[in-house]
């Protein structure tokens, strides 16, 4: 009887061993399908450990110095569709910081960016970066990587404070032909600028903004009808310093809101100026009867 019990015990132990070898999980954690458990992946274990039995792509065992790749805190490198890792991104669409401002100032030095720095990386900045990359033989990604930044630094100089934050943001548009004779306030909706011109020569210029879709600034050829150094709108009850009226209540005037919020707002049809000092000087020069041209 004891001999039979011993034989039965050995048979049971052997059966358990076979079941474990087949991947069954007696503790209940398995799927119950009988499928062998997958072996540990090559990357399992402590990062940086040296593998000893994982073959390389040519079927040879790895060298003793081979290590598992580790992931940096910033995540794995991005890759293009071919699977090749791309260069590290430094600046790109949606970024807003002082390095973007410096990028724009340097691109402006090289005539790739025709606006003053804003510190915001948008489509205009991306387009300027693409032009620079094309000129330098770099991949035209529109984003700034280490190679692009390095070449930009070598091709430009450190921007001055005035270059980083100039008083006038917008580049002047080509003057309308009607602006080329006489004394004219030449106002471009395309470039959002006002140029004070005398006989085709630009005397001074400044940024402007216009009315909204509901209260648009009229376009055409006008003249300065009258001026008021201090004026308050009789309709909207808002201050209109240095007002120069040109079309049925629409005027060129200083706007504190434009100075504070920029192009996030709009006027009720007037031509807003945000540089008070420049407009003050212009106000003293303009006379009733001078032309006003508002054009695209």
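Only the coordinates and a few stated rules stand behind these numbers; no lab work does. Everything quoted here is computed from the prediction, not taken from an experiment. Glycine also receives a Cβ, built like all others from the backbone with ideal geometry; neighbour counts cover every protein chain displayed.
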> What is the order of 295, 253, fewest Cβ neighbours within 10 Å to most?
Replying inline: 295, 253
> Taking the alpha-carbon centroid of each part, what is the distance from the range 217-254 to the range 176-212 in angstrom?
Replying inline: 16
> Taking only the alpha-carbon atoms of the range 163-242, what semi-axes of the equivalent ellipsoid follow from 5 times the gyration tensor eigenvalues under a square root, in whole Å, largest first?
Replying inline: 23, 17, 14
> Rounded to the nearest whole Å³, what is the per residue volume of the convex hull around the Cα atoms of the range 177-295?
Replying inline: 93
>> Once you place label points 7 Å from the Cα toward the Cβ at residue 118 and residue 154, how far apart are they in nm?
In response: 3.1
>> Please compute the Kirkwood hydrodynamic radius over the range 83-182, one decimal place, Å, based on all pairs of different Cα atoms.
In response: 14.4
